[in-house]
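Notes follow the structure.
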Amino acid sequence: MTLWRFITATAVAVATLLSTFHALASPSPLPIPHTTTTTTTTSPATCKRNPNLQRRQSQAQLGDQQATHPICNTEHITSILRSLNTAATIENVTPVAANGSYGEGTSDPPYPVDPTNLPALCAVTIKIDQSATANYRFGLFLPDDLPSSTKRLLVVGNGGFSGGINWLDMAAGPHHGMAALSTDTGHNSTAIETSWAKNHAEKKELWGWRAMHGSVVLGKEIIRRYYEQPDNEKLWTYYSGCSTGGRQGLRELQEFPDSFDGALIGAPAWWTGRLNPFLMQVGLYNLPAEDSNPYHIPLEKFSLLVDEVTRQCDGVDGVQDGIVSSPHQCEFDLGSLVCSEFGSNLTECLTFEQAETVRKVYEGWLSEDGELLYPGLTLSSEDQWWIVLGGKEPSPFGLGYIKDFLLDNDGKEFDWAGMSSLGKDIVDRAQSQDPGRSSARQYDISNFKDRGGKVILYHGLADGLVPEKGSWWYYNKTIDTFGGDLEGVRDFIRYFQIPGMGHCFSTPDCRPNAPWNIGGAFQPGLLGTDTWSVPGFEDAEHDALLALMAWTEEGKAVDKLIATTWKEPTDPSTGVLGQRPICPWPEKAVYDGVGDVNEAGSWECAMEKVGLVSELRRRVES
């Protein structure tokens, strides 16, 4: 089975979460996007990628610019901090000329590639000491030409357990005429490193929420004074993040409703105390990775699932195009893949025990008394199962969380080998402790709603890391909290399922190239270091951030988003391959039966039947 096309885009710093994927499978080293750590994976043929090169300004040039810039200089930023009576310190102030580049390169492990072709701006790095042993930093992009009439700020999220400023995603802000901000979450590490958290409650809390909140609060004040914005003039503030970034955004708006006016939330890892142990539990289903384990599914058999799910489920939406658009309406017969008792070629079928492993992955993680602890992976996500099922040990997202976040010193005694499931003590401990208070479980966001806040929540149906059903679960918990009033909830939060899109971006493998790009977190950076929005379609129909702004500021509800892909899915220069509307649940895109399936005009949004399988709904907690 081949891996994602984006894996070979080694120069593009996108989605820090991907750094873990390659630590889970067997050797064939590849450099990983958004990290400098080289880990291992199984990687047969890959698709063509769009290479990207970083450009950096010389220190002499930067020094000359600071000396001549009227306000982008250390003295001016220092005066701002003094006026705010804060103990924060300046790490860097750098004027960046038009078409310049800025970032921290390889000293920023999860984001080692810098954005290029920036508008003229001031890059600022601020440090806040939380205590003698804990601190956090945040970066600001302050455009020279921020509009005087309507000032806006874009805050971007992080990924995985990473610690670093996400300069690449920040670049979208200045291109949209906005200031931009990112926090480093209080440490410096790749997405899969967790040792920094062991026995350090403050650092866990900085990663969980405090660094984001503190950065937003102080960052807003710096921006106001930098541009001399009156206190009675609104600074519109928007958020964009995926995975851990999605969790960060939800966590912030739930507890601090004044932080954001609108939030673009992708594939949120929102329930840390359940999701991260779930990722370990799913790995345990397929371990040990030995031939003697009858329940183990080798990597090469995952393609059998991909093909069979596509065969059975592709046409459920009425179109045979290789894209599974209605996985929750597909009555998948797993038995069709089970080997017959005699004469079977075991490389072309699943044993009964292997089929049982598959069933558990789809079903989700259940307690001994049948309670749903976390929903399973969605039909059509199989091309990414190698992420959590393909290694010789459980996913670092699960194992590292349990050892270093949850157990601390006790973690060195934690031996997963031989375990078939996590004990109830681990489940209860994760639920009660919620290390770092990172989970985003406040479903009543009335205060955010009442001040006009809007949320676009989206998730790829082919996500093989963070289950898409989890976002559906979160959305329905929110609906339940508001008395089951779906239409009322859709007034301020809408959920978009993206068929064929994997974790945060792109489409898995080299299979049918589903429209996926909506300008969400990590997506522009995947296309190039100088890319922003959706190339060629920088408008509110195609760019979810612009749609969110129009909804928030002008009341234009987001009735659909048009997703885009290209002939080479991460190279816009190859030309558009297809576009398709992505609809707010419970609506879905329906083909008109006449037009070109690759044209958005051949589809319309219509009400879908019952959302997820009734069994999942039955188990959803009230």
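Structure values in brief
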{"read-out": "Residue match in segment 230-242 (condition: among the hydroxyl-bearing types (Ser, Thr, Tyr), assigned to a helix (DSSP H, G or I) and touching a strand residue (DSSP E or B) at 6+ places or on another chain (Cβ under 6 Å))", "value": "no"}
{"read-out": "Residues that are among the hydroxyl-bearing types (Ser, Thr, Tyr) and at positive phi, drawn from segment 352-386", "value": "Ser380"}
{"read-out": "Qualifying positions in segment 455-497 - in contact (Cβ under 8 Å) with a residue 60 or more places away in the chain and among the polar types (S, T, N, Q)", "value": "Ser471, Asn476, Gln497"}
{"read-out": "Residue satisfying condition, being buried (at least 20 other Cβ atoms within 10 Å of the Cβ), among the β-branched types (Val, Ile, Thr) and over 19 Å from the mean Cα position of the chain (by Cα), within set Thr531, Thr552", "value": "Thr552"}
{"read-out": "Any hit, segment 93-113, residues being out of contact with any Phe, Trp or Tyr (no Cβ under 7 Å at 6 or more places or on another chain), without any contact (Cβ under 8 Å) to a residue 60 or more places away in the chain, within 23 Å of Phe260 (Cβ to Cβ) and not in a strand (DSSP E or B)", "value": "no"}
{"read-out": "Residues (aromatic (Phe, Trp, Tyr) and within 15 Å of Ala263 (Cβ to Cβ)) located in segment 195-241", "value": "Trp209, Trp236, Tyr238, Tyr239"}
{"read-out": "Residues of segment 306-331 satisfying the condition of being within 20 Å of Asp596 (Cβ to Cβ) and acidic (Asp, Glu)", "value": "Asp314, Asp317, Asp321"}
{"read-out": "Residue that is nearest to the chain's Cα centre (by Cα), among those in segment 418-433 that are within 14 Å of Met280 (Cβ to Cβ) and surrounded by 10 or more Cβ atoms within 10 Å (Cβ to Cβ)", "value": "Ala430"}
{"read-out": "Checklist (1) outside any strand (DSSP E or B); (2) closer than 23 Å to His176 by Cβ applied to Phe138, failing item", "value": "(1)"}
{"read-out": "Neighbours by Cβ (under 8 Å, 6+ apart or cross-chain): first from segment 324-341, of a type in the set (Ser, Thr, Tyr); second buried (at least 16 other Cβ atoms within 10 Å of the Cβ) and part of a helix (DSSP H, G or I)", "value": "Ser325/Val316; Ser325/Asp317; Ser326/Cys313; Ser326/Val316; Ser326/Asp317; Ser336/Glu308; Ser336/Gln312"}
{"read-out": "Residue match in segment 232-242 (condition: within 21 Å of the chain's Cα centre (by Cα), surrounded by fewer than 23 Cβ atoms within 10 Å (Cβ to Cβ) and modelled with pLDDT of 95 or more)", "value": "no"}
{"read-out": "Qualifying position, being hydrophobic (A, V, I, L, M, F, W, C), in contact with a helix residue (DSSP H, G or I) (Cβ under 9 Å, 6 or more places away or on another chain) and either modelled with pLDDT under 95 or in a strand (DSSP E or B) (or both), among Leu577, Leu545, Leu612", "value": "Leu612"}
{"read-out": "Helices (runs of 4 or more DSSP H) wholly inside segment 369-452 that include at least 2 residues being basic (Lys, Arg)", "value": "424-433"}
{"read-out": "Given (1) surrounded by fewer than 24 Cβ atoms within 10 Å (Cβ to Cβ); (2) part of a loop (DSSP other than H, G, I, E, B); (3) under 21 Å from the mean Cα position of the chain (by Cα), number of the condition Gly186 does not satisfy", "value": "(1)"}
{"read-out": "Unmet criterion (only one of (1) surrounded by 20 or more Cβ atoms within 10 Å (Cβ to Cβ); (2) hydroxyl-bearing (Ser, Thr, Tyr); (3) closer than 30 Å to His176 by Cβ) for Tyr227", "value": "(1)"}
{"read-out": "Residue tally, condition of a type in the set (Lys, Arg) and touching a helix residue (DSSP H, G or I) at 6+ places or on another chain (Cβ under 8 Å), over segment 289-318", "value": "1"}
{"read-out": "Failed item, numbered, when Tyr295 is tested on (1) assigned to a loop (DSSP other than H, G, I, E, B); (2) at pLDDT below 95; (3) not charged (D, E, K, R)", "value": "(2)"}
{"read-out": "Conditions (1) in contact (Cβ under 8 Å) with a residue 24 or more places away in the chain; (2) closer than 24 Å to Gly376 by Cβ; (3) small (Gly, Ala, Ser); (4) exposed (fewer than 14 other Cβ atoms within 10 Å of the Cβ): number failed by Gly452", "value": "(2)"}
{"read-out": "Number of the condition not met by Pro268 [criteria: (1) crowded, with 19+ Cβ neighbours inside 10 Å; (2) within 17 Å of Pro435 (Cβ to Cβ)]", "value": "(2)"}
{"read-out": "Qualifying residues in segment 286-305 (those that are under 25 Å from Gly500 (Cα atoms) and touching a Phe, Trp or Tyr at 6+ places or on another chain (Cβ under 9 Å)) - the one surrounded by the fewest Cβ atoms within 10 Å (Cβ to Cβ)", "value": "Leu299"}
{"read-out": "Candidate set from segment 200-233 (those that are basic (Lys, Arg) and in contact (Cβ under 8 Å) with a residue 12 or more places away in the chain); member that is farthest from His503 (Cα to Cα)", "value": "Arg225"}
{"read-out": "So Ala289, is it among the small types (Gly, Ala, Ser) and in contact with a Cys (Cβ under 9 Å, 6 or more places away or on another chain)", "value": "no"}
{"read-out": "Segment 171-188, residues that are in contact with a Pro (Cβ under 7 Å, 6 or more places away or on another chain) and closer than 19 Å to Asp114 by Cβ", "value": "Ala171, Ala172, Pro174, His175, Ala179, Ala180, Asn188"}
{"read-out": "Subset of segment 455-490 (residues that are within 20 Å of the chain's Cα centre (by Cα), surrounded by fewer than 24 Cβ atoms within 10 Å (Cβ to Cβ) and aliphatic (A, V, I, L, M))", "value": "Leu461"}
{"read-out": "Residue, surrounded by the fewest Cβ atoms within 10 Å (Cβ to Cβ), within segment 118-139, restricted to residues that are among the aliphatic types (A, V, I, L, M) and out of contact with any Phe, Trp or Tyr (no Cβ under 6 Å at 6 or more places or on another chain)", "value": "Ala132"}
{"read-out": "Test: residue in segment 511-522 that is surrounded by fewer than 22 Cβ atoms within 10 Å (Cβ to Cβ), among the charged types (D, E, K, R), under 17 Å from Thr565 (Cα atoms) and in contact (Cβ under 8 Å) with a residue 60 or more places away in the chain", "value": "yes"}
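Okay, residues lined up against (1) basic (Lys, Arg); (2) touching a strand residue (DSSP E or B) at 6+ places or on another chain (Cβ under 9 Å); (3) over 23 Å from Asp129 (Cβ atoms); (4) buried (at least 23 other Cβ atoms within 10 Å of the Cβ):
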| residue | (1), (2), (3), (4) |
| --- | --- |
| His76 | no, yes, no, no |
| Ser79 | no, no, no, no |
| Thr89 | no, yes, no, no |
| Ala98 | no, yes, yes, no |
| Glu104 | no, yes, no, no |
| Pro109 | no, yes, no, no |
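The values are calculated or read from the model by the stated rules, or taken from the named source; none is laboratory data. It should be emphasised that the depicted structure is a prediction, and the values quoted were computed from it without experimental measurement. Cβ: placed from backbone, ideal geometry, glycine included. Neighbour counts: every protein chain shown.
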